[in-house]
Amino acid sequence: MGSRRVVIIGGGITGTLAAVRLRRAGWEVVLLEARYIGAGSSSRSAAGIRQQFSTLETVLGMRYSVEVYRHFPDEVGGMVVPIVENGYLFLLGDEAAQQAAARRVQMQRAAGLAEVELLDADDTARRFPFVGRDRVVGATFCPSDGFLRPEVVFGEAAASARARGVRVVTAAPVVAARHHNGQLVAVFAAGQWFEADLFVDCSNAWTPRLAEVLGATALPVDPIKRYLWFLGRGGAASAEQLSRMPMVISPTGAYCRPENSDTYLMGQAHPAPPEPDFTDDDQDRVDAEFDPRTGVEGRPYEVWAALAEVLPALESASGFHATTAGFYGVTPDHNPFLDVDPGVGGLIRAVGFSGHGAMFGPFSARVIEALAEAGRSLPSVEVLGRQADLSAFRIGRSFHHAEALVI
Ligand SMILES: Cc1cc2nc3c(=O)[nH]c(=O)nc-3n(C[C@H](O)[C@H](O)[C@H](O)COP(=O)(O)OP(=O)(O)OC[C@H]3O[C@@H](n4cnc5c(N)ncnc54)[C@H](O)[C@@H]3O)c2cc1C
């Protein structure tokens with residue numbers, strides 16, 4: 001079979017989990033990160049993990065991710081289980097939303113997600129007393145959804161990778177590439193060439209720029225700014241109630257979950273132009289419209305109000321503590337690319353997570369390993385004893401089956 005050397009580019013959740021996985025499969029692995037482990041979106045994430053998607057393969061893939069995160073110390077390393085299974089509660093605002101949800105729940109159950117439930121207004125109010133009575137027509141709830149501790153994921157994955165013999169090189173932006181007969185054979189970073197049989201692009205929002213360096217296929221991945229706000233609990237909910245709260249998504253798409261027992265994390269996707277030339281510092285830039293300190297007219301207060309509309313306890317929340325931000329790498333159908341590059345040999349692309357990359361991590365690593373072993377595109381990959389069709393993640397797909405549940 002010859003040598004099995006792989007260079008992974010990008011040290012976030014995707015790259016670090018892929019490094020562990022490929023090393024375990026016997027590859028000699030180098031991980032190159034431009035700055036430091038977790039420097040990109042992985043440390044700026046709401047880190048929600050859900051299996052409630054409208055794309056069947058993603059439901060299956062996320063079921064697999066939940067399993068891996070549950071058994072993280074055995075599967076990856078460290079001593080901490082990084083998943084908090086408080087559930088995801090999608091609140092439904094009208095009949096049309098309820099009908100669409102009923103169809104989705106049927107598909108999700110067919111994909112093996114037995115525990116997902118469709119609730120009417122009465123059930124929702126009884127099971128989740130913090131939801132305002134008469135503010136919703138129902139909800140879907142999956143108790144095994146939840147959220148992750150992302151710093152545990154990439155931190156422990158990088159430590160485990162190092163312990164297993166992966167060479168992790170930080171402060172190493174890839175700035176040049178060498179090809180032979182249409183094959184990528186080496187990349188240049190931190191003053192030296194790294195030769196390998198295979199390369200994996202895990203740069204997500206940076207992939208348009210990295211593709212130019214690598215001579216790779218240009219993929220439609222738009223870096224789009226997203227914010228998170230941290231809001232004090234106030235008196236209406238106890239610390240215990242907040243700690244047990246699921247991720248809640250309002251009918252307008254505003255979402256919140258407990259960050260800790262005294263703080264809500266909240267966010268909402270807003271229309272924003274792609275920023276293809278964003279700098280590292282732009283990740284933390286907070287534009288005036290999104291800064292709660294600018295005044296009560298801005299977006300954060302709008303999102304707070306939208307959530308308080310369905311979660312009355314938030315009316316007495318004590319105010320904003322902090323704002324963080326980062327970039328989504330957004331594709332036209334909100335599904336990632338998990339495929340070999342059709343334009344240059346020896347390159348796998350695992351990018352374009354469109355706000356789902358933390359939860360995709362273990363599934364992405366699984367697909368990367370399968371592609372690496374096959375050395376070509378694959379129609380499907382086996383997860384949890386079933387074949388997950390990979391056509392939704394292929395490079396060159398037509399984007400007509402868009403993921404409907406995007407937050
Ligand atoms: C506000 C916000 C909320 C989010 N909420 C969720 C959520 O609830 N659930 C969820 O699953 N996901 C969520 N996401 C998305 C998730 O955080 C990302 O999809 C995920 O972290 C991507 O991980 P990654 O490892 O692919 O990329 P990143 O973590 O972005 O890592 C890419 C790395 O590549 C490095 N790099 C770039 N160029 C080069 C180069 N030339 N050479 C070497 N290295 C390079 C960068 O420095 C960076 O560290 C959210 C994101 C944001 C910003």
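The values are calculated or read from the model by the stated rules, or taken from the named source; none is laboratory data. Source: prediction; values computed, not measured. Neighbour counts are summed over all protein chains in view; Cβ atoms, including those assigned to glycine, are modelled from backbone coordinates with ideal geometry. For accessibility, only protein heavy atoms count, side chains too; no ligands or nucleic acids. Shrake-Rupley method; radii C 1.70, N 1.55, O 1.52, S 1.80 Å.
Ligands, DNA and RNA are left out, and with a 1.4 angstrom probe the accessible area of the stretch 241-287 is 43 Å² per residue.
Want the number for Gln106 to Arg127: 0.36 nm per residue separation, take away the alpha-carbon distance, what's left?
Working: separation 21, 0.36 × 21 = 7.56 nm, distance 2.11 nm.
Value of the extension gain: 5.5 nm.
Considered as an equivalent ellipsoid built on the Cα gyration tensor, the chain has semi-axes of 36, 23, 19 Å, the largest given first.
Kirkwood hydrodynamic radius (Cα pairs, Å) of the stretch 295-344? Write out the running numbers ahead of the final one.
Details: mean 1/r = 0.0679 Å⁻¹.
For the stretch 295-344, the Kirkwood estimate is 14.7 Å.
Can you give me the angle between helix 299-310 and the longest principal axis of the chain, using Cα atoms only, in degrees from 0 to 90, rounded to the nearest 10? Tilt of helix 299-310: around 50 degrees.
Between Val406 and Arg178, what is 0.36 nm times their sequence separation minus the Cα-Cα distance? Round to one decimal in nm. Let's see the in-between values first.
Values: separation 228, 0.36 × 228 = 82.08 nm, distance 3.78 nm.
That pair, Val406 and Arg178, stretches by 78.3 nm at full extension.
Remark: the stretch 226-242, residue by residue, has Karplus-estimated 3J(HN,Hα) of 9, 10, 10, 10, 10, 10, x, 5, x, x, 6, 10, 7, 4, 5, 4, 5 Hz, where x stands for each Gly or Pro and the curve is 6.51 cos²θ - 1.76 cosθ + 1.60 at θ = phi - 60°.
Expressed as a fraction of 2.2 N^0.38 Å, the value expected for a compact globular protein of N residues, the C-alpha radius of gyration of the stretch 252-407 is 1.29.
DSSP assigns beta bridges within the chain; of those with both partners inside it, close to 75 percent run antiparallel.
For the stretch 1-87, what log10 I(q)/I(0) values come out of the Debye formula at q = 0.14 1/Å, with one point per alpha carbon and no solvent? Once normalised to I(0) and log-transformed, intensities are -0.62. Compared with the dominant Cα axis of the chain, that is its longest principal axis, helix 13-24 is turned about 50°.
Within the stretch 292-331, what whole-number % of the accessible surface is contributed by carbon and sulfur, with the 1.4 Å probe and all protein chains included in the calculation? Answer for the stretch 292-331 is 52 percent, counting heavy atoms of protein chains only. Across the stretch 321-407, Cα-Cα pairs farther apart than 14 Å form 66% of the total. Within the stretch 48-171, the ratio Rg/Rh, alpha carbon atoms throughout and Rh by Kirkwood, equals 1.11. Amide H contacts for Ala325 (H built 1.01 Å from N in the peptide plane; partners 5 or more residues away or on another chain; cut-off under 5 Å): Leu228.
Between Arg149 and Ser398, the FRET efficiency estimated from the beta carbon spacing at R0 = 25 angstrom works out to 0.10.
Find, to one decimal place in angstroms, the Kirkwood hydrodynamic radius of the stretch 260-331, where the mean of 1/r is taken over every pair of different Cα atoms and then inverted. Before the final figure, lay out each step's value.
On the way: mean 1/r = 0.0721 Å⁻¹.
About 13.9 Å for the stretch 260-331.
Measuring r between the beta carbons of Glu67 and Glu117 and using R0 = 22 Å, the FRET efficiency lands at 0.65.
Using the beta-carbon distance between Glu195 and Arg293 and R0 = 60 Å, what value does 1/(1 + (r/R0)^6) give for FRET efficiency, to the nearest 0.05? List each step's numbers first, then the result.
Values: r = 50 Å, r/R0 = 0.83.
The formula returns an efficiency of 0.75 here.
Computed per residue of the chain from DSSP H runs no shorter than four, each worth -39500 (n - 2.57), the mean residue ellipticity at 222 nm is -8500 deg cm²/dmol.
With the simple model of a label 7 Å out from the Cα in the direction of the Cβ, Gln241 to His321 spans 1.8 nm. For the stretch 138-273, the Kirkwood estimate of the hydrodynamic radius, built from every pair of different alpha carbons, is 19.2 Å.
Sort out the exposed loop trypsin sites (Lys or Arg not before Pro) in the chain (DSSP loop, at most 14 other Cβ within 10 Å) and tell me the longest stretch that has none. Kindly include the intermediate steps, with their values, before the conclusion.
Values: sites that count: Arg35, Arg133, Arg164, Arg285, Arg376.
Longest site-free region, per DSSP loop and neighbour criteria: 165-284.
For Ala39, no residue has an amide H sitting under 5 Å from its own, ignoring neighbours fewer than 5 places away on the same chain, with H placed 1.01 Å from N. Working note: Karplus 6.51/-1.76/1.60 with θ = phi - 60° gives the stretch 325-330 the couplings 8, x, 10, 7, x, 9 Hz, where Gly and Pro are set to x. Karplus-based coupling profile of the stretch 27-38, in residue order and whole Hz: 7, 8, 10, 10, 10, 10, 10, 4, 10, 9, 4, x, with θ = phi - 60° in 6.51 cos²θ - 1.76 cosθ + 1.60 and x standing for Gly or Pro. P(r) tail, the stretch 211-286: Cα-Cα pairs separated by more than 21 Å, 49% of all pairs.
Between the amide H of Gln183 and those of Gly345, distances stay under 5 Å, these residues lying 5 or more places away or on another chain, with hydrogens modeled in the peptide plane.
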